[in-house]
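J.: The structure that follows is given in the form of structure tokens.
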Amino acid sequence: MASNNNIVEQIQNSIDIADIIGERVKLRKSSRGYMGLCPFHNEHTPSFHVYTDTQSYYCFACHEAGNVFSFLMKLDGLTFPEALEILAERAGVALKQYTRDKNSRTLYDVMNIAAEFFTKCLLSSQGTAARAYMKRRNMGASDVGKFSLGYAPNSWDALTNYLRKAGITDKMILDAGLALENSRGIYDRFRGRLIFPVKDVAGRVIAFGGRVIDGDGAKYINSPESEIYSKRRNLYLLNDARKFIRERRRSILVEGYMDALRLHKAGFGEAVASLGTSLTGEQAELLSSYAERCYICYDGDTAGQNATIRGMYILQTHGLDVHVVNLPDGQDPDDFLTANSPEKFEQALRDARPLVVQHIEVLRPKLSDPMTRKQTLNELFSGLSELSHDEVLQYKAQLSEATLLPPSELEKKILHDTKELHTDNSKAPVKAYDDLPEAAFCAMILRSRECRLKVKPEDIYTLLKSNTAQQTASAILDDNPDTLPVMWLTTGDTEKTALIARGEEFCRSISGDKWQKIYGELMTRAVNERMNEIRAKMTTNSATLSELQELCKLQKQKDMYIV
């Protein structure tokens, strides 16, 4: 049987990292690979580079780096075995499944066993009332398997006892959020409810939502936060929806489980639900990694939408192009699709308003009332201040008409209040770079093709700490170095020209082999930093065996580069 290392190498040799990343990031060709907007943070100028020669990536803004495996693990929250399985299938490589001790259980195992229990109960005689409820909501047996639906019996401890028999400890049941505890012991959190499993992007069950069928209590209850579940970082049905979001270049965000299910059944597989939490930047970043356009379709009443406008601005500032779908008052998406065809809902999407326009329309009645006008203007401009000048100024005519402010006065207020994402730093004082070896490194690879050939892309973020130095070196390796100085002067990029000038000056003061001395000093510094990190772990007994082995290799490497 091939070793895991051989399998990894075989997969890496069988696929192109640019193909995998290109499905998630819009890439354009550069001299040594590709570049685009980083999927790991919100940016407007491309800092994310994909190197086809080394099958690696690096962002010069947020410093995320790695290979095709780490890309999937970071972006989709996968473990290494999960990423390995996905890429092995993509590459057509046969993969022996990882094995582990059967007695070693994780919270994911506990949640999976609970999900199977709930589904069995739904399909048994215990689930008669739940199936009747599903039928009234136009849901049938096929939906049970498609959406992994279940039923929690109206029993004090049916799930708890089932899990105990499966060898799950009470502590793990509590840690998973499946039970509550009082002086008499632990008892089931979900009782007498239709169950909606929440899965992460890897398809693992991480939480549950329950809709009451039998007995009293809140209409819906949800799993609490746990080691594997955060409401802020997940969306219901995203695992199923992400393929459609990517294909259709849009997501549809709704409030409830039933709304998302109804949209999927009607052919809108790009729908996800927000799990009952306020809209968050983490959710926005999840969605924007698949598509920028997001249609928000919350309850049709104006008051309900007004309460979530602030959350919509959060989504917009984290990379989404938010449009708001307006349904008749009193209707949610489930109600609307029960009474109307999917074509009618598609028309509602086409009629959706951009966020700024929606905010204007929601506040229009209060803007027209002298008693509430001042407070409402403050509320409106408070939201607009979260956006950039350009995002707001394109709606200057609508804003002027609604606020009764002259366009010139309105524009001044917008420019004063809103965020400026493209600040002009042309008059800022040029920074004097104290890190002379970094400046010299950049100067040498700019002037010498021989030096450039000695540099690997990953060396940049290993050796250089300054963002400007990293960006300068990246530009030199990616573009035509002969034209860069002229381009920097033309565009007024004084930081890069100053860095190169500083580096050249320092190089002139060095005798002997300049490259060996500069590269050796930077490498020695990098090796020392890594060795110190490992030694710090050793003092707390947290260093791994591989790190201890790495320390020995680093010491030998350091001896090679002593200047």
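The values are calculated or read from the model by the stated rules, or taken from the named source; none is laboratory data. Because the structure is predicted, anything quoted here is derived from the model rather than measured. As a convention, Cβ positions derive from the backbone with ideal geometry for all residues, glycine included, and neighbour counts pool all protein chains shown. The accessibility values were calculated without ligands, DNA or RNA, using every heavy atom of the protein model including side chains. Shrake-Rupley method; radii C 1.70, N 1.55, O 1.52, S 1.80 Å.
J.: For the stretch 539-553, which positions are more than 18 Å from residue 528 (Cα to Cα) and among the hydrophobic types (A, V, I, L, M, F, W, C)?
T.: 545
Quick grid of which residues meet (1) modelled with pLDDT of 85 or more; (2) open to solvent by 10 Å² or more (accessible area, probe 1.4 Å); (3) outside any loop (DSSP other than H, G, I, E, B):
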site: 294; (1), (2), (3): yes, no, yes
site: 299; (1), (2), (3): no, yes, no
site: 304; (1), (2), (3): no, yes, yes
site: 312; (1), (2), (3): yes, no, yes
site: 319; (1), (2), (3): no, yes, no
site: 338; (1), (2), (3): yes, yes, yes
site: 343; (1), (2), (3): yes, yes, yes
site: 347; (1), (2), (3): yes, yes, yes
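J.: For the stretch 210-228, give me each residue that is part of a loop (DSSP other than H, G, I, E, B) and either in contact (Cβ under 8 Å) with a residue 60 or more places away in the chain or surrounded by 21 or more Cβ atoms within 10 Å (Cβ to Cβ) (or both).
T.: Within the stretch 210-228, 213, 214, 215, 223, 226, 227, 228 qualify.
J.: For the stretch 526-545, give me each residue that is modelled with pLDDT of 80 or more, in a helix (DSSP H, G or I) and either among the β-branched types (Val, Ile, Thr) or open to solvent by 70 Å² or more (accessible area, probe 1.4 Å) (or both).
T.: Across the stretch 526-545, the qualifying residues are 527, 529, 532, 533, 534, 535, 538, 545.
J.: Can you pull out every residue in the stretch 138-163 that is open to solvent by less than 40 Å² (accessible area, probe 1.4 Å), in contact with a Phe, Trp or Tyr (Cβ under 7 Å, 6 or more places away or on another chain), in a helix (DSSP H, G or I) and not hydrophobic (A, V, I, L, M, F, W, C)?
T.: The answer is 160, and nothing else.
J.: Still on this structure, I have one more. Give me a count of the residues in the stretch 229-250 that are part of a loop (DSSP other than H, G, I, E, B), open to solvent by less than 30 Å² (accessible area, probe 1.4 Å) and out of contact with any Ser or Thr (no Cβ under 8 Å at 6 or more places or on another chain).
T.: Number of matching residues: 3.
J.: Oh, and also: Could you identify the single residue in 179, 207, 166 that is out of contact with any His (no Cβ under 6 Å at 6 or more places or on another chain) and open to solvent by 10 Å² or more (accessible area, probe 1.4 Å)?
T.: Step by step, each of 179, 207, 166 is checked, and only 166 is out of contact with any His (no Cβ under 6 Å at 6 or more places or on another chain) and open to solvent by 10 Å² or more (accessible area, probe 1.4 Å).
J.: List the residue pairs whose Cβ atoms are under 7 Å apart, where the first residue sits in the stretch 491-510 and is farther than 16 Å from residue 466 by Cα and at pLDDT 80 or above, the second is open to solvent by less than 40 Å² (accessible area, probe 1.4 Å) and hydrophobic (A, V, I, L, M, F, W, C), and the two are 6 or more positions apart or on different chains.
T.: 504/443; 506/439; 506/440; 507/440; 507/443; 507/444
J.: Which residues, taken from the stretch 349-360, are touching a helix residue (DSSP H, G or I) at 6+ places or on another chain (Cβ under 9 Å) and without any contact (Cβ under 8 Å) to a residue 40 or more places away in the chain?
T.: 353
J.: For residues in the stretch 454-488 being part of a helix (DSSP H, G or I) and over 35 Å from the mean Cα position of the chain (by Cα), which is surrounded by the most Cβ atoms within 10 Å (Cβ to Cβ)?
T.: 485
J.: Next question, about the same structure. Can you work out which of the residues in the stretch 321-336 that are outside any helix (DSSP H, G or I) and either open to solvent by less than 30 Å² (accessible area, probe 1.4 Å) or in contact with a Leu (Cβ under 7 Å, 6 or more places away or on another chain) (or both) is modelled with the lowest pLDDT?
T.: Checked the stretch 321-336; the qualifying residue modelled with the lowest pLDDT is 327.
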